[in-house]
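Report on one structure; see the data block that follows.
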Amino acid sequence: MSPYPRLFCFGSECHPNSDLTCTGGYDAIIQYLNDGKRTCKEVEDFMKARASIEEKYAKDLLGLSKKVCGHNEMNSLKRSLDMFKLQTEHVSLSHLQMAQSMREEAKKLEEFKEKQKEARKKMEQQMDALHKQKSSQFKKTMDSKKTYEQKCRDKEEADQNVNRNTNTNNTKHVEKVTLQRKNRLYHQNVITVGKVRDEWLKEHVKACEMFEKQAMERINFLRNTVWTHLNQLSQQCVTSDELYEEVRKSLEQCDVQEDIEHFVNLRQTGDKPPGPVMYENFYSGQRSPTVAPPSRLPPPITR
């Protein structure tokens with residue numbers, strides 16, 4: 001098992017021993033974290049948009065609950081219709097409250113995203129500085145290696161010309177001294193770049209551990225945020241149904257016979273119909289019925 005964090009990698013385009021300046025793995029991690037931050041922003045925007053929809057729906061529903069509905073009705077049906085409007089108002093208020101709760105959850109997500117951003121910023125600045133230092137020292141080392149190797153070739157060439165030039169002894173001495181100086185410089189640069197590499201590797205491991213922790217926290221936070229959002233939606237359905245249940249209970253108490261009798265008792269004008277219209281002869285003063293008198297019982301009410 002690797003001793004490094006799971007997010008620790010160098011990237012497929014470079015091998016750790018091929019080029020010390022390669023940052024392919026680190027760049028891949030940073031891209032992954034940036035994509036995660038973008039996901040947080042997308043979920044945040046989604047929840048804010050849903051909250052706006054809920055708020056608009058709540059306001060429209062509240063306006064609807066104020067409209068006239070059964071104003072001229074009476075008795076149990078009127079009570080049921082009044083309850084219907086009242087609970088519609090309550091449903092609208094519950095949606096308004098849910099919209100506020102959604103905005104609060106979106107705010108928490110925004111704060112979480114900014115908190116991670118600030119923590120990452122410090123680590124990324126530190127790693128960028130180490131990458132520049134590592135790259136600079138690596139270049140210096142490679143330049144000194146190139147110069148050292150060139151001096152080695154110069155010395156070999158001088159050794160080959162030892163029998164062809166009477167001044168070769170002095171030349172050989174100069175080349176030897178120069179070679180020793182370039183060798184020491186190259187060797188010192190290798191030691192220095194080794195120290196820089198060790199420091200970078202130690203900090204890179206710390207960065208990867210922190211980035212992995214952030215990734216786990218982000219995934220868990222997003223999962224819980226969406227879960228909470230769904231719970232809010234489910235609870236809204238339960239709340240709405242409970243409010244509508246009050247209307248159903250009121251409708252169960254709505255008695256058709258009672259409402260009819262209530263109207264009759266309230267608006268009745270008598271239990272006898274008007275008498276027949278009689279014919280009256282202007283000259284004789286005699287009256288004769290035009291039709292047979294109706295029964296004294298009122299006609300039945302058709303329901």
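The values are calculated or read from the model by the stated rules, or taken from the named source; none is laboratory data. The structure displayed is predicted, hence computed values, not measured ones. Cβ coordinates were reconstructed from backbone atoms using ideal geometry, including for glycine residues, and neighbour counts include every protein chain displayed. For accessibility, only protein heavy atoms count, side chains too; no ligands or nucleic acids. Shrake-Rupley method; radii C 1.70, N 1.55, O 1.52, S 1.80 Å.
Want the number for TYR57 to LYS117: 0.36 nm per residue separation, take away the alpha-carbon distance, what's left?
Details: separation 60, 0.36 × 60 = 21.60 nm, distance 3.47 nm.
Residue separation times 0.36 nm, minus the Cα-Cα distance, leaves 18.1 nm.
Mind listing the Cα extents of segment 54-171 along all three principal axes, in Å, largest one first?
133, 20, 15
Here is the link list: LYS56/LYS113; LYS59/LYS249; LYS48/LYS113; LYS41/LYS122; LYS145/LYS202. Which ones come out longer than 19 Å on Cα distance?
As for pairs spanning more than 19 Å Cα to Cα, those are LYS56/LYS113; LYS59/LYS249; LYS41/LYS122; LYS145/LYS202.
MET278 to GLN253: FRET efficiency via 1/(1 + (r/R0)^6), r the Cβ-Cβ distance, R0 41 Å, to the nearest 0.05?
For R0 = 41 Å, the calculated efficiency reads 0.25.
With a point put 7 Å past each Cα toward its Cβ, work out how far VAL205 is from LEU230 in nm, to one decimal.
Computed distance between label sites VAL205 and LEU230 equals 4.0 nm.
On full extension of the chain, what length is gained from LEU86 through GLU157, given 0.36 nm per residue of separation minus the C-alpha to C-alpha distance? Before the final figure, lay out each step's value.
Working: separation 71, 0.36 × 71 = 25.56 nm, distance 10.40 nm.
Computed gain between LEU86 and GLU157 is 15.2 nm.
With every protein chain left in place and a probe of 1.4 Å, what is the accessible surface of HIS187, to the nearest 10 Å²?
Its heavy atoms expose roughly 110 Å² to the probe.
Calculate the FRET efficiency for GLU261 and ARG223 from the Cβ-Cβ distance with a Förster distance of 51 Å, rounded to the nearest 0.05. Don't skip to the end; give the middle numbers.
Values: r = 60 Å, r/R0 = 1.18.
The formula returns an efficiency of 0.25 here.
For the residue pair GLU246 and GLN97, what label-to-label distance in nm results when each label sits 7 Å from Cα along the Cα-to-beta-carbon direction?
My value for the distance between the label points is 1.1 nm.
Set the Förster radius R0 to 51 Å, insert the Cβ-Cβ distance between GLN125 and GLU149 as r into 1/(1 + (r/R0)^6), and round the FRET efficiency to 0.05.
0.90
With all protein chains present, calculate the accessible area of PHE46 using a 1.4 Å probe and round the result to the nearest 10 Å².
Looks like 130 Å² after rounding.
For the full complex of protein chains and a 1.4 angstrom probe, list TRP200, TRP227 by accessible area with the highest value first. Present the calculation step by step, with values, prior to reporting the outcome.
Numbers: TRP200 15, TRP227 145 Å².
Listed by decreasing accessible area, they come as TRP227, TRP200.
Determine how large the accessible area of LEU93 is when every protein chain is in place; take a 1.4 Å probe and give Å² rounded to the nearest 10.
Around 80 Å² of this residue is reachable by solvent.
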